[in-house]
Amino acid sequence: FDQREGHIWVDGRMVPWADAKIHVLSHGLHYGSSVFEGERAYGGQIFKCTEHSQRLRRSAELLDFEVPFTVAEIDAAKQLVLKESGLQDAYLRPVAWRGSEMMGVSAQANTIHLAIAAWEWPSYFDPATKMKGIRLDLAEYRRPDPRTAPSASKAAGLYMICTISKHRAENKGYADALMLDWEDNVAECTGANVFFIQDGVIHTPQADRFLNGITRQTVIELAKRRGYEVVERRIRLEELAGFTECFITGSAAEVTPVSEIAQYRFTPAAMTKTLMDDYTAEVQPKAKAARNNAA
Ligand code: PMP
């Protein structure tokens, strides 16, 4: 992945992809003082660009460091990276971390860096294949108590247990793993939020103890626009037996139906399909512009 063509924006400069390196004694690498974003561009426009830039800065603040670029500067840098990539549809990855001046738990004076890369990351499946749903394992690790970790931050350190959980799930033949919280409520997947449907009502875990995804918020808005009832609440694992549909949401995952979580089975149906289609329409700049003009 580190030997591609193209450029990566690093601390305000475009650097050839293969030369965008950091020192091995970077604090971000040793102590996890790093935050990142994951976002997509559709038809040359970054979806909810400013929201992602704001979240990046907020994620860093929760780790007590400041990204040395304003939201407007981050937005502009992302636009530049997208333009230079020549891609219309792309995935963008901004990452900010503490540098290498001091080594130790404390590194208050270390320079904060910001890099932004963009690459092609297509939606893997065509809609028909997607509607079959993916299979999820149940992770052993729990999402941490907000008193244990800054759980609202998109911090690299919070992904340590996600990677372990996802690898273990993949090794058992699953696509991903569902994670519970420390009180055994349903929380989220390793890189996406989760929704369930029962009798025409949408249920999703209350996002006060894990990342309140931008896609999650968008899908809730789209569901409400359709007149669907959305209930945000604590959900126990045993309740999964009563839900008929399930899907996950994320900037990378978009809206992806789920057919199976551990012993529980779901059949992706009309409401999931409607939200999948509404999300696809919402992210397309042309469709959105046309709708706004019609409104
Ligand atoms: N939870 C986790 C752990 C994630 O990594 C992501 C992806 N950023 C999400 C939820 C969904 O967030 P978003 O919709 O903002 O991409």
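Within region 1-108, report the chymotrypsin sites (Phe, Trp or Tyr not before Pro) that DSSP leaves as loop and that have at most 10 other Cβ atoms within 10 Å.
Working: sites: PHE1, TRP9, TRP17, TYR31, PHE36, TYR42, PHE47, PHE65, PHE69, TYR91, TRP97; in loops: PHE1, PHE47, PHE65, PHE69.
The qualifying sites are PHE1.
Is it possible to state the helix-based mean residue ellipticity at 222 nm for the chain, with each DSSP H run of 4+ residues giving -39500 (n - 2.57), the sum divided by total residues, to the nearest 500 deg cm²/dmol? What is it? Please list the in-between numbers first.
Numbers: 8 runs with 86 residues, N = 295.
So the helix-based figure for the chain works out to -9000 deg cm²/dmol.
Quick one: Karplus J couplings for region 172-185, per residue in order, coefficients 6.51, -1.76, 1.60, θ = phi - 60°, nearest Hz, x for Gly and Pro?
Here the 3J(HN,Hα) series is 9, x, 8, 7, 6, 10, 8, 10, 8, 8, 5, 9, 6, 7 Hz.
Non-local amide H neighbours of GLY43 (under 5 Å, H modeled in plane, Pro and chain starts lacking H): which ones?
Here the answer is ASP89, since their amide H atoms fall under 5 Å of that of GLY43.
Can you figure out the FRET efficiency of MET14 with MET103, using R₀ = 51 Å and their beta-carbon distance, to the nearest 0.05?
Numbers: r = 29 Å, r/R0 = 0.57.
Rounded to the nearest 0.05, the efficiency is 0.95.
Once you order the gyration tensor axes a ≥ b ≥ c over the Cα atoms, which shape class does region 1-96 get: rounded for a/c under 1.5, otherwise prolate or oblate by comparing a/b with b/c? Present the calculation step by step, with values, prior to reporting the outcome.
Details: a/c = 2.01, a/b = 1.17, b/c = 1.72.
Oblate, because a/c is 1.5 or more while a/b does not exceed b/c.
In a shell of Cβ-Cβ distance under 9 Å around CYS189, excluding CYS189 itself, what net charge do Lys and Arg (+1) and Asp and Glu (-1) give? Each step should come with its number before you reach the end.
On the way: positive: LYS166; negative: ASP176, GLU188.
Once positives and negatives cancel, what remains is -1.
With θ set to phi - 60°, apply the Karplus curve 6.51 cos²θ - 1.76 cosθ + 1.60 along region 14-22 and write out the HN-Hα couplings as whole Hz, x wherever there is a Gly or Pro.
Values, residue by residue: 8, 10, x, 2, 5, 9, 7, 10, 10 Hz.
Arrange VAL231, VAL10, VAL219 by Cβ neighbour counts within 10 Å, fewest through most, would you?
Fewest-to-most Cβ neighbours within 10 Å comes out as VAL231, VAL10, VAL219.
Which whole-Hz couplings ³J(HN,Hα) result when phi for each residue of region 99-106 is put into the Karplus expression 6.51 cos²θ - 1.76 cosθ + 1.60, θ = phi - 60°, listed in order with x for Gly and Pro?
Once rounded to whole Hz, the list reads x, 10, 4, 10, 10, x, 4, 7.
To check you understand DSSP bridge types, tell me what percent of the beta bridges within the chain (both residues inside) are antiparallel, rounded to 5.
Details: 41 of 53 bridges.
Percentage antiparallel, nearest 5: 75.
Cα axis of helix 160-171 to longest principal axis of the chain: angle in degrees, 0 to 90, nearest 10?
Compared with the principal axis, the helix lies near 50 degrees.
If amide H atoms are built 1.01 Å from N in the plane of the peptide, which residues on other chains or at least 5 residues away come under 5 Å of the amide H of LEU178?
ASP137, LEU138, ALA139
Could you tell me which of rounded, prolate or oblate describes region 114-192, using a ≥ b ≥ c as the square roots of the eigenvalues of the alpha-carbon gyration tensor, with rounded for a/c under 1.5 and, failing that, prolate when a/b is larger than b/c and oblate otherwise?
On the way: a/c = 2.12, a/b = 1.24, b/c = 1.71.
The shape class here is oblate.
Determine, for ARG40, ARG236, the number of other Cβ atoms within 10 Å of each Cβ, and report the residues in order from fewest to most. Show your work: numbers first, answer last.
On the way: ARG40 22, ARG236 11.
The fewest-first ordering by Cβ neighbours comes to ARG236, ARG40.
Report the number of Lys pairs in region 60-182 whose alpha-carbons are under 25 Å apart, with separation of 8 or more residues or on distinct chains. Please list the in-between numbers first.
On the way: LYS78/LYS154; LYS130/LYS166; LYS130/LYS172; LYS132/LYS166; LYS132/LYS172; LYS154/LYS166.
Taking region 60-182 as the scope, the lysine pair count is 6.
Cut-off is 10 Å between beta-carbons; in what order do LYS166, LYS83 appear when sorted fewest neighbours first?
LYS83, LYS166
Shape of the chain from its Cα gyration tensor (a ≥ b ≥ c, root eigenvalues): rounded if a/c is under 1.5, otherwise prolate when a/b > b/c, or oblate?
Values: a/c = 1.87, a/b = 1.32, b/c = 1.41.
Cα axes put the chain in the oblate bin.
Multiply the residue separation of ARG147 and LYS224 by 0.36 nm, subtract the distance between their alpha-carbon atoms, and state the gained length in nm to one decimal.
Values: separation 77, 0.36 × 77 = 27.72 nm, distance 3.21 nm.
Between ARG147 and LYS224, full extension yields an extra 24.5 nm.
Tell me the Kirkwood hydrodynamic radius of region 54-146 in angstroms, computed as one over the mean inverse distance between distinct C-alpha pairs.
Details: mean 1/r = 0.0598 Å⁻¹.
It works out to 16.7 Å.
List, largest first, the extents of the alpha carbons of region 209-258 along their principal axes, each in whole Å.
Extents along the principal axes, in whole Å: 27, 25, 22.
Got the relative contact order for the chain handy, in percent, Cα pairs under 8 Å and 6 or more residues apart?
Details: 578 pairs, mean separation 49.5, N = 295.
RCO, the chain: 17 percent.
List every residue whose amide H lies under 5 Å from the amide H of HIS203, counting only residues 5 or more places away in sequence or on a different chain, with H placed 1.01 Å from N in the peptide plane.
Long-range HN contacts for HIS203: PHE196, ILE197, GLN198, VAL231.
Computed from the coordinates by the stated procedures, all read-outs in this text should not be read as laboratory data. Treat the numbers as computed from the prediction; the structure is a model and nothing was measured. FYI the Cβ positions are ideal-geometry reconstructions off the backbone, even for glycines, and counts take in every protein chain you see.
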